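For reference, the structure discussed in these notes is given below.
Since every read-out is calculated from the coordinates, none of them should be taken as a lab result. These figures come from a predicted structure and were not determined experimentally. Please note: Cβ atoms are built from the backbone with ideal geometry, for glycine as well, and neighbour counts cover all protein chains shown.
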Amino acid sequence: MGDEQEPRDPAYEWLYSARRNRSGPADDETRPIRKQPAQPPSAEAAQSARSAQSAESAQPVDATQVLGVQPRPTSAAGTAPGESPDSFGGTFPTPPPGGQPKFATPTQAYPATAPPRPPLGATTPTQQRPRRKRRTWWLRGILILLLLWLVFLLAVPVWTWQHINKVDAEPDGTRPAATPGTTYLLVGSDSRAGLTKQQRGDLGTGQAAGQRTDTIVLLHVPDGGGPNLLLSVPRDSFVDIPGHGMSKINAAYALGGPKLLVRTIEHDTGVRVDDYVEVGFAGFVDVVDAVGGIQVCPTQSISDPKAGHLKMSKGCQEVDGHTALDYSRSRAFALGDITRALHQREVISAVGKKAASWQTVVLPWRYLAVNRAAADSLTIGDNVGPFDLVRFAWAMAHSSGSNAKRCVVPYSSLGAATAAGSAVIWDVPKSKALFSAIRSDDTSSIHCAAQ
């Protein structure tokens, strides 16, 4: 209240009523004081009132006491037994041990209004959501790359299959009966068709016209679990070509293409050819280069001007496509065609092994190069399906080491004089036994005299 207010104004009579009740008559004893009728106090209440009144008379008067609240009896420490010190507005009982207070204490500040509730799903500083796991973005990236890689692995062979040349290689007329296992006829054509003047010079093919077969190999894959058989047929073998009489076997290709060559093989061996696969000069070079070159191991030094001016030292060495082609064509050896056939089987096995290695699948540029080379170089029979070609490639990759046998058709003469010139004459009894074992799918019983 301000100092300018009149303390004896009747409007403030209520403020001093309690004071007069505690300390006796006020200075203005002429002003009556309105009192509320009270019920007769009990003996205990009267005793408490007297004690409180005597204690308050000994304390200074509190001019700010609001309303006429009668103080409760206090102990010597200033509090009543079982009660806590005075708080704003009066006193309250001390809560029992372990209990909670029934009223707010001065130290407990309550807001005037309740705080707003946070939005649904929101968090507060004191209520954090469980920490999320680190996002595995790198795992998703790897899965995407694997998916793309799988698509690449499937799409490239599909493209290759659509670009491989196909030819009708199934002969007309009577053919040998189908036998267990699968027999592939692999032909290396020396046709110069499609080669530029520069390519002919680089490959040392010369200017010969027509088509001939530098390489003729029968690959038999048995069903009974025996070893694969790579059987070289010397290109100068003197055989009966149906409809053309006796001549060198490579003339069959020149006279009637794949059909006549297949018919000649079946006629002279009694073995049915299931699938036909042909590789050209330039394609052979591309295939070897696509796999990163191969290793060959000549047993003697080679110098052959007729095979692209080939010069090689003795021993194992890495060669590229051009050198591998010249190595497989050279006949500058004492056994001529026999050594040449041995080198051809060596090159075929090395190419198959490199093409089926894990690097071809893992390295995308190599995988693409091998398939492109196959598309550009292969010619297959129109009855050969994609799975047949895959089985052929798998068989080629497993035609080296102890899991395969590499033979040449048994011969009795390498340079016999014939109407077709110097030719290779087969050993009839031994060759018939060999062909019989192939027809019986019994490659385990075959003994290769010349490896």
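Structure notes:
- Links that overshoot a 25 Å alpha carbon limit, given the list Lys166/Lys405; Lys166/Lys430; Lys354/Lys405; Lys248/Lys430; Lys259/Lys432: Lys166/Lys405; Lys166/Lys430
- Here the residues Met246, Met312, Met396, ranked from fewest to most Cβ neighbours within 10 Å of their Cβ, fall in the order Met246, Met312, Met396.
- Bridges between two residues of the range 148-445, per DSSP, are antiparallel at a rate of about 70%.
- Cα-based equivalent ellipsoid, the range 227-381: semi-axes from gyration tensor eigenvalues, Å: 28, 21, 13
- The ranking of Ile380, Ile265, Ile338 by Cβ neighbour count inside 10 Å, starting from the fewest, reads Ile338, Ile380, Ile265.
- Using the Cα coordinates of the range 148-445, the gyration tensor eigenvalues translate into equivalent-ellipsoid semi-axes of 28, 24, 19 Å, sorted from longest to shortest.
- Protection proxy ranking of 358-367, 321-330, by the mean of other Cβ atoms within 10 Å over each peptide's residues and highest first, is 321-330, 358-367.
- D_trans [Stokes-Einstein, Kirkwood Rh over alpha-carbon pairs] for the range 223-291, 4 °C, 1.567 mPa s, µm² s⁻¹: 93
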